[in-house]
Amino acid sequence: MRALIEHSRDAGAPYAVSKVFSDQADAAGLDLARSLGVPAQALSPATPADVPARTDAPTRATYDATLAAAVKECSPSLVVLAGFMRILSPPFVAEFAGRMLNIHPSLLPKYPGLHTHRRALQAHDPEHGATVHFVTEKLDGGPPIIQARVAVTATDDEQSLAARVQTVEHRIYPLAVRWFCEGRLRYDSGRAWLDDRALTEPVQFTGTEG
């Protein structure tokens, strides 16, 4: 989030961050956003203790409808997920179809879901990384846009590997957002398109991409 806000203030940046939302009232990102001059709001869902038995589905639908309404008030061209850990419902995803991005800390389709760094280490993978993708109803399964890779060393643990992956995340996510806001990146017919070319595989980040 910080990287996205900071890059939005570069000379000639094609986007601005309108508002930050979190489902956690104590999320550090809320205060960080405000300290950077960006409005921020917590929309906390009901906790299990607050939810009557057998009402999980309606509560989730109600929360997502409330979140969607709050996001729509900002009239966003693009919705960007950054550390938002709730699984969004199909109606929410449909509301922002083709204009919602996520970043996932693995080289998708490897390791969707949680604990990606641990899983890469347990598999003795020689490299790991991050993927920016369009959001669809399939968890971490939307069409990928760009990936960045890091080498896995013999001395790595989850924390050291996560730190290196986060460094490249901060480079590829603002880049993908910029491509979208410049009109170069779009979603069509279930695929990601960059510069009017359907991506059959994600762009591999080298640091020279413009």
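Candidates are the residues of the stretch 27-45 that are part of a helix (DSSP H, G or I) and touching a Lys or Arg at 6+ places or on another chain (Cβ under 9 Å); the one that is surrounded by the fewest Cβ atoms within 10 Å (Cβ to Cβ) is LEU32.
Residues of the stretch 9-23 that are in contact (Cβ under 8 Å) with a residue 12 or more places away in the chain and closer than 26 Å to ARG171 by Cβ: ALA13, PRO14, TYR15, VAL17, SER18, LYS19, VAL20, PHE21, SER22. Filter the stretch 183-210 for residues that are surrounded by 13 or more Cβ atoms within 10 Å (Cβ to Cβ) and outside any strand (DSSP E or B) and give the result. The answer is ARG184, LEU199, PRO202, PHE205, GLU209.
Rule-based calculations on the coordinates, nothing more; no lab input. In this text the structure is predicted, and so the values were computed from the model without any measurement. Neighbour counts run over all protein chains shown; Cβ positions are idealised from the backbone, glycine included.
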